[in-house]
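None of the figures in this text is laboratory data; all of them are computed from the coordinates on show. Please read these numbers as outputs of a predicted model, since none were measured by experiment. As a convention, Cβ positions derive from the backbone with ideal geometry for all residues, glycine included, and neighbour counts pool all protein chains shown.
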Amino acid sequence: MKRPGCLALSLSAAVLLGVLGWGAKAALTSMFPLPDNHVAATDSRVCRETTGNNVSFAEATGHFGLAVPSAATDLVFTADGGGLRGETDLSMRFVTTPADLATFLSASHLDPPSATTVVTDGGWSSYYPGARVRAAEGPCGLTPPVRPTMVYSQDGPGSGMEKNPRSVAVDNTDPAHPVVWVDALDL
């Protein structure tokens, strides 16, 4: 039979451990908070396979000077801001029409994509003769595929976007409905 003093001591120890555990969790959460993903709660276009979506679509596209066609379909994106220097990152994919693609490129001050442009940011691989063909990859397919129907554009020196480079990949497998990928980041 347990003595009443031992039961009280066990109960007190359990309460003390619970309070200490709660305090440790609160301290760790304040030092290492979970990523702010509030945009995902209000925008169905956010890639659900990503976290840290704390920049709205309008804010991110405005930040990078991107004029996405209003008629774009199948749009998915991830955008986050903050970090040590307050930088913003945006990745997106959408389907459009050839006319809206031309308007997007012009309004966004992007060069027309070509098969000879080699993209150097975004972790993308460009197609070249003999390259291994592969499907879109990454969360929500935000990394473009590698195939002969791909063309690319990237902000270069003198574009005025050296601090905020943007890369574009376009898949013309269905010429009437090109699929567009955009990667933009602050340096």
### Task
Could you tell me whether the range 87-94 includes any residue that is surrounded by fewer than 18 Cβ atoms within 10 Å (Cβ to Cβ) and free of Cβ contacts under 8 Å to residues at least 24 places away in the same chain?
no
### Message
For the condition of a type in the set (S, T, N, Q) and more than 20 Å from CYS47 (Cβ to Cβ), what is the one hit in THR143, THR88, THR116?
### Response
THR116
### Task
Would you check which residues across the range 43-76 are under 18 Å from PRO139 (Cα atoms) and either acidic (Asp, Glu) or touching a residue at least 40 places away in the same chain (Cβ under 8 Å) (or both) and list them?
ASP43, CYS47, ARG48, GLU49, THR50, ASP74, VAL76
### Query
If you take the residues of the range 65-85 that are in a loop (DSSP other than H, G, I, E, B) and either among the charged types (D, E, K, R) or in contact with a strand residue (DSSP E or B) (Cβ under 9 Å, 6 or more places away or on another chain) (or both), which of them is farthest from ARG45 (Cα to Cα)?
ARG85
